[in-house]
Every structure is written in C-alpha cells, then in structure tokens.
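What follows is a single structure, written as structure tokens, with notes after it.
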Amino acid sequence: MRAALAILLLVLLGGARDPILVPEISQHEIRLRQGFTGTELLLFGAILNPQGTRAGQDYDIVVVLKGPTESIVLREKQKVAGMWINADSTELRSAPSYYALASSKPIADIVDEKTAAIYELGLQWLQLSPIGAIDPDEQARFSKGLVDLKTRNGLYRQDEAGVQIKEQVLYQARMYLPSSVPIGTYTAETFAITDGRVVTSASSSVDVRKLGFERAVADFADDRSFFYGVIAVAISILMGWLAGRLFALV
C-alpha cells in the first residue's frame with residue numbers, strides 16, 4: 001500500500017513539473033467579404049509552470065494551424081500520343097483543407113520521426129488516409145503530389161524558424177491565410193517540447209466564414225446543390241450566347 005502511494009505521489013509531482021501553455025490568437029473570427037485578399041494571424045501565448053510563474057527550463061514550441069478536413073480525389077495526368085489524359089487516381093479520406101506549421105527549430109532537431117508522425121508535425125507527416133487498398137509507394141507519390149499542389153496554392157505552409165520565444169516565457173508565430181482559404185472552423189494547436197518529448201499542448205479555434213452575397217451563394221450551393229448547378233449551367237449558356245452575339249456585331 002505504501003509503495004502504491006509513493007508511486008502515485010511521484011507521478012503527481014512529475015506532472016506538476018510540466019509547463020502550462022496559455023495560447024491566444026489575434027482573431028478568433030475571420031469574415032470573408034467581397035475583395036478579401038488574405039489576412040495574417042498572430043498566434044501567441046505564454047509558457048508557465050503550474051504556479052503561474054516562469055517555467056524553469058528551456059522548451060521548443062511548435063504551432064500547427066489546421067483547417068477542416070475534406071475528402072479529396074486525386075488524379076494523375078499522363079501524356080499519351082501527345083495528349084494529357086487521366087491515369088491512376090485515388091481518394092484521400094481526411095486531408096486538411098489548410099495546414100500551416102511554425103516551429104522554433106527545424107522539426108528534425110526537436111523530435112524524432114515517430115513523435116513527428118504521431119502529432120503530424122510537418123507536411124511529410126500528414127496522415128492522408130486513402131480509401132481502399134493502395135500500394136505504399138503509390139500512396140506516397142499521391143500524398144507528395146497533394147502536398148505540392150496545396151503548397152503552390154498557398155494552402156500548405158511550413159516555417160521551421162517561424163516561432164519566436166522571448167526569455168522562455170512568451171512565444172509568437174505569424175501565419176498567412178490566402179484569399180482562397182476554405183471556410184470552416186480551424187484548430188490552432190501549440191506544443192511545448194523538450195528532450196524530444198511533447199510535455200504539454202493547448203488548442204484554440206478560429207472561425208472562417210463568408211458574409212454578404214458570397215455567403216448567400218455558398219449557402220444556396222450547399223442547400224440547393226441541384227438548382228445551383230442548373231443555374232450555373234444556364235448562366236454559362238447565356239454568357240456564351242451573348243459573347244457570340246457581340247462578336248457577330250463586330
């Protein structure tokens with residue numbers, strides 16, 4: 001009995017030495033209006049011990065901002081007889097629509113590969129689960145292609161010197177959301193790491209939503225997808241007819 005109590009006391013005391021993260025975000029709501037060109041978020045906070053004072057040891061900080069997950073169908077293009085056609089394809093079940101990472105050091109210098117994979121710390125460690133059986137090499141190729149495409153569109157980012165830590169108390173990181181940022185609830189998770197071990201983490205959220213005419217169109221597309229498609233086709237036909245008439249008059 002005494003041995004069990006001693007072990008419990010050690011566990012409690014050990015947990016008491018872990019730091020506390022107090023995260024905050026410059027904006028908890030981003031409103032997408034007409035003419036939105038993108039915005040920058042400031043993710044900041046403090047590293048404290050359980051008593052609310054300065055933590056007594058050095059920690060590395062990693063901040064990850066993720067958008068809503070989505071199912072994505074990837075198709076590989078192949079050139080045949082001078083024409084590009086669809087070749088192999090796969091569907092990924094849970095790809096983040098947006099992913100940005102900032103860290104105080106390169107991830108490889110902070111944690112090992114196993115820990116990076118568990119917490120998805122880095123673009124190469126994203127868990128892009130395919131639907132159905134797929135060869136591991138083929139899955140790696142498709143995953144790399146998706147990351148490259150999202151990176152070129154500004155939706156995936158990784159800055160391994162993006163977190164600034166001041167006197168091991170305050171930290172901050174800046175992350176950019178482009179104009180094409182998807183709507184939904186984003187999760188910002190901060191990790192405090194020492195000796196290759198994640199000792200604590202904390203999360204907060206950001207809501208990205210459309211307002212005005214853009215929101216009305218988006219809601220209509222979601223709630224009345226069939227009629228939205230019919231109207232879109234009708235507008236395309238009308239615009240084509242008008243263009244033809246204008247060229248005929250020239």
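The values are calculated or read from the model by the stated rules, or taken from the named source; none is laboratory data. Since the model is a prediction, treat every value here as computed from it, not as a measurement. Counting neighbours? That spans all protein chains shown, and the Cβs are built from the backbone with ideal geometry, glycine included. Note: accessible area is taken over every heavy atom of the protein model, side chains too, but ligands, DNA and RNA are not part of it. Shrake-Rupley method; radii C 1.70, N 1.55, O 1.52, S 1.80 Å.
Could you please report the charge total around residue 71, scoring K, R as +1 and D, E as -1 over all other residues with beta-carbon less than 10 angstrom from its beta-carbon? Overall, the nearby charge balance is -1.
Among the listed pairs 150/210; 144/210; 114/166; 144/166, a Cα-Cα separation exceeding 24 Å is found for 144/210; 114/166; 144/166. All other residues with a Cβ under 11 Å from the Cβ of residue 197 taken together, and with Lys, Arg as +1 and Asp, Glu as -1, what is their net charge? Spelling it out: positives minus negatives among the neighbours equals -4. Take region 127-186 with all the other protein chains still there, run a 1.4 Å probe, and you get 58 Å² of accessible area per residue. Taking label positions 7 Å along the Cα-Cβ direction at both residue 167 and residue 187, the computed distance is 3.4 nm, reported to one decimal.
Distance between the 7 Å Cα→Cβ label points at residue 209 and residue 33: 1.6 nm.
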